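Asks: Supplied in structure tokens, the structure appears directly below.
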Amino acid sequence: MPVPRILLFIFFSSVCLRAAPAPLAILKLAISDMEDGALVPPSFTFVPGQFVFVSFEVGGSQVSSERKLRLSYKVDAFDPKNVPIMETIANTLDTTLSDEDKNWRPKMRQQILLPPLAGSGAYKIAIHVTDELGKTTTSQEMTLQVRGHDVAPSDTLIIRNFHFYRSDEDRDPLAVAAYRPGDTLFARFDIVGYKFAPHNAVEVDYGISVVAPSGKVLFTQEKAAEEKTASFYPKPYVPGSMNLNIYKDTRPGQYTIVFTVRDHIGNQTYEAKENFTVE
């Protein structure tokens, strides 16, 4: 006996109106500058060495007949040149939901430490989520701005951004490197162009000599400072600094500081001379 057409219409209509399951999705991806703090606006600028707090929700994950939910996710972060700044963060959420949790969405929180010597630019955070039960994946990215101390790279060992200062706390360098007897001279500079060993190991040191106007060497320190470290993120430069007490009986004239920088991994040596005046 044929099925009446009106019943067929009702049957197909009910099938068409049945809602399709929502796809797996990363929702409300946001960053803050403090744990559980307010979300930062798009114009916010982070600084090197600062923690970035990341949060996001996951929607559309499949729940088994036993009310189980199983998600895995990975978080990566990259500098403006797309170099990873940290090892991949990998975690798994494996839980059983109650009847009251039918509208609940998992929320993930992670924190990312920006490199202490991070340069300026747009950094990228990439999230990848897998629904282990539904066998589906989804990804999303967001960017954040960092304002760092930028040092131009070099193919060979060199000192950049050398400046004299009146005190160790000063941010603005001296326009004229002139001191008086009894003063303390301060200087800061950056070392670049060294080579890396495995695990981004760096082995750099430098020595200092002070030369009088007559050409006589007044002071020498063969190894004034040393940088011997390894890190996940390649150190873009090595910051250097020095201070020098100028004796009260120092004669006026132009003096010279001679820097000898050594890269023990790259087998490089670089010498720089910087002048200052005692008035």
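Asks: Would you confirm, using the coordinates I've provided, whether Ser139 is more than 24 Å from Pro23 (Cβ to Cβ), among the hydroxyl-bearing types (Ser, Thr, Tyr) and not assigned by TED's automatic domain parsing to the domain that holds Pro239?
Replies: No.
Asks: Looking at Arg147, Arg188, which is the one that is in contact with a strand residue (DSSP E or B) (Cβ under 9 Å, 6 or more places away or on another chain), modelled with pLDDT of 95 or more, among the basic types (Lys, Arg) and over 29 Å from Gly266 (Cα atoms)?
Replies: From the options Arg147, Arg188, the qualifying one is Arg147.
Asks: Go through the residues of the stretch 71-91 one by one and say whether even a single one is modelled with pLDDT under 95 and surrounded by fewer than 12 Cβ atoms within 10 Å (Cβ to Cβ).
Replies: No - not one qualifying residue is present in the stretch 71-91.
Asks: Can I ask one more? Please state which one of Arg262, Arg251 is modelled with pLDDT of 95 or more, basic (Lys, Arg) and surrounded by 13 or more Cβ atoms within 10 Å (Cβ to Cβ).
Replies: Just a single option satisfies the conditions, and that option is Arg262.
Asks: Sort out which residues of the stretch 43-62 are touching a residue at least 60 places away in the same chain (Cβ under 8 Å), surrounded by 16 or more Cβ atoms within 10 Å (Cβ to Cβ) and among the hydrophobic types (A, V, I, L, M, F, W, C), and write them in order of number.
Replies: Phe46, Val52, Val54, Phe56, Val58
Asks: Being in a loop (DSSP other than H, G, I, E, B), under 16 Å from Glu141 (Cα atoms), out of contact with any Ser or Thr (no Cβ under 7 Å at 6 or more places or on another chain) and of a type in the set (Lys, Arg), is that true of even one residue in the stretch 79-90?
Replies: yes
Asks: Sticking with this one: Condition first: out of contact with any Leu (no Cβ under 7 Å at 6 or more places or on another chain), touching a residue at least 40 places away in the same chain (Cβ under 8 Å) and surrounded by 14 or more Cβ atoms within 10 Å (Cβ to Cβ). Now tell me which residues in the stretch 152-177 satisfy that.
Replies: Across the stretch 152-177, the qualifying residues are Leu157, Ile158, Ile159, Arg160, Phe162, Ala177.
Asks: Filter the stretch 134-149 for residues that are touching a residue at least 24 places away in the same chain (Cβ under 8 Å) and loosely packed, with under 14 Cβ neighbours inside 10 Å; which is nearest to Thr45 (Cα to Cα)?
Replies: Arg147
Asks: Could you list, in sequence order, the residues of the stretch 234-251 that are assigned to a loop (DSSP other than H, G, I, E, B), in contact (Cβ under 8 Å) with a residue 40 or more places away in the chain and not aromatic (Phe, Trp, Tyr)?
Replies: Pro234, Lys235, Pro236, Ile246, Lys248, Asp249, Thr250 - these are the residues of the stretch 234-251 that are assigned to a loop (DSSP other than H, G, I, E, B), in contact (Cβ under 8 Å) with a residue 40 or more places away in the chain and not aromatic (Phe, Trp, Tyr).
Asks: Answer yes if at least one residue in the stretch 64-74 is within 14 Å of Glu132 (Cα to Cα), without any contact (Cβ under 8 Å) to a residue 40 or more places away in the chain and aliphatic (A, V, I, L, M), and no otherwise.
Replies: No, the stretch 64-74 contains no residue that is within 14 Å of Glu132 (Cα to Cα), without any contact (Cβ under 8 Å) to a residue 40 or more places away in the chain and aliphatic (A, V, I, L, M).
The values are calculated or read from the model by the stated rules, or taken from the named source; none is laboratory data. These figures come from a predicted structure and were not determined experimentally. Here Cβ is always computed from backbone atoms with ideal geometry, including for glycine, and neighbour counts include all displayed protein chains.
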